[in-house]
Amino acid sequence: MRLLFSVIAASALTASNAHALTIDAKALARYDISYVKCESLYPDMRGHRDDAYLSLWRVKADDAARAQLASTRKGAIYQAERRRVLQAVAKGSAPPASSPIEQECQGLWGEAQRNARPKK
């Protein structure tokens, strides 16, 4: 399974006042599959997939950002990549992670929690 952070690193954050997020559908599909593993290891992460993803980009998890993620997930590119990765995982031919998934999940969740705190 690919690293969570390297997977989403393929996505680009356009720095602007609006913090527009450009989503790489393939990277999002891989992120989502990895996040399921994190949810199984850390139950507190359940239901916070979008918040965690958006927090990595310092994007406010509002309705517009969530709608953009939902739209990307419905797309053909996302669906095709999701099927491809799930088939690779089922065959056991997924690329090995260079660090344990547990550490990645902890880092992701920690980042999401830091960004969820109100700013003073």
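What to note about this one:
- Applying 1/(1 + (r/R0)^6) with R0 = 22 Å to the Cβ-Cβ distance of SER40 and ALA90 gives a FRET efficiency near 0.85.
- Fully extending the segment from ARG58 to ALA70, taken as 0.36 nm per residue of separation minus the present Cα-Cα distance, adds 2.5 nm.
- Whichever aspartates and glutamates have a C-alpha closer than 14 Å to that of LYS74, once near sequence neighbours (fewer than 8 apart) are set aside: ASP24, ASP32
Bear in mind these aren't lab numbers, they're just calculated from the coordinates by the rules spelled out. Fair warning: this is a prediction, and the values are worked out from it, not measured in the lab. Virtual Cβ from ideal backbone geometry, glycine too; neighbours counted across all protein chains shown.
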